[in-house]
Amino acid sequence: MLEDFDNVEMSYVTFLSKGYVSRNKHIFDEMELTPLTKFVLQSCVYGTPIFKLGNSGKKLLILSGIHGNELPPQKACLTLFNELIEVDLNNTVYFIPIASPKSTMNNERTFNSVDLNRAAHMANSLSNKIINVIEELKIDFVADFHSTAYNSNPGFEAVFSSKNPSPESFLMANYISDEVGSEIISFDVAGSQYKGAVEDVCNLRGIPAITCEVVSPFASIGKGSFEKSLEQMKSFLAYFGF
């Protein structure tokens, strides 16, 4: 129950995305089932939960699971959430560890046949609902975490950013690249290459955002991929003085 975690606030992005994540053994068997992790999984049965830690400084969002079959960042996000639960934070951190529980349950990329990272600009899509919550909560910075397989796009460890209209997107990406070695993929203008990515829609709306990728076979957690995703997340927080 939420009352067991005094410093955590929770709400829902939507109830339309509910799923039993425990049915996906490729991620469930890899999880450390702490009381907090169990609470997150129970919350996913009803929809997409968003959690808040802290109540000061800048508002940051760590997002994972936009593609349900990209498992390393979802495990990393749950791990980081557990690590920070007892930490006195100097900023406010929001977590969406499992953006589409139904997709993660089914270990599939799409949600109801929609690629959520091409639909964040489309009204009433799940990823657009996440954008709306970001704006409603007045979140200042967003980091969206993914995994990529060899011979896919991009197919290597990377951090995506753009220089306009939110130049701090590139600064965050450059910091993470220097810290953990992820290759920078930067565009002059957000959304010029793809339409509907969460990162791009945030940047176009004046909310600096990045997308981080680690390498892992889809629908599984490749060796070292969870650890690398966790490094990227911690580097994102370090940019803000954590």
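Annotations for the structure displayed:
- Yes/no for V114 being in contact (Cβ under 8 Å) with a residue 12 or more places away in the chain, surrounded by fewer than 19 Cβ atoms within 10 Å (Cβ to Cβ), closer than 30 Å to D29 by Cβ and not polar (S, T, N, Q): yes
- For the stretch 177-194, a residue qualifies if it is among the polar types (S, T, N, Q), over 19 Å from V214 (Cα atoms) and in contact (Cβ under 8 Å) with a residue 12 or more places away in the chain, and exactly one does: S192.
- From the list I66, I134, I139, the one residue that fits, being touching a Lys or Arg at 6+ places or on another chain (Cβ under 8 Å), touching a residue at least 60 places away in the same chain (Cβ under 8 Å) and under 16 Å from V201 (Cβ atoms), is I139.
- Here F81 does not qualify as hydrophobic (A, V, I, L, M, F, W, C) and touching an Asp or Glu at 6+ places or on another chain (Cβ under 9 Å).
- Filtering the stretch 157-205 to residues that are closer than 21 Å to T110 by Cα, of a type outside the set (D, E, K, R) and either surrounded by fewer than 24 Cβ atoms within 10 Å (Cβ to Cβ) or touching a Gly at 6+ places or on another chain (Cβ under 7 Å) (or both) leaves G191, Q193, Y194, G196.
- Every pair of residues 6+ apart whose Cβ atoms lie under 8 Å, when the first sits in the stretch 152-176 and is over 20 Å from F240 (Cα atoms) while the second is basic (K, R): E157/K228
- Each residue in the stretch 85-98 was checked for being in contact (Cβ under 8 Å) with a residue 60 or more places away in the chain and either out of contact with any strand residue (DSSP E or B) (no Cβ under 8 Å at 6 or more places or on another chain) or surrounded by 21 or more Cβ atoms within 10 Å (Cβ to Cβ) (or both), and 4 pass.
- Residue match in the stretch 206-229 (condition: within 20 Å of I134 (Cβ to Cβ), surrounded by fewer than 21 Cβ atoms within 10 Å (Cβ to Cβ) and touching a residue at least 24 places away in the same chain (Cβ under 8 Å)): yes
- Inclusion of S161 among residues that are of a type outside the set (D, E, K, R) and part of a strand (DSSP E or B) is warranted.
Every read-out reported here was derived from the displayed coordinates using simple, explicitly stated rules and does not represent laboratory data. Just so you know, these numbers come straight off a predicted model, no measurement behind them. Please note: Cβ atoms are built from the backbone with ideal geometry, for glycine as well, and neighbour counts cover all protein chains shown.
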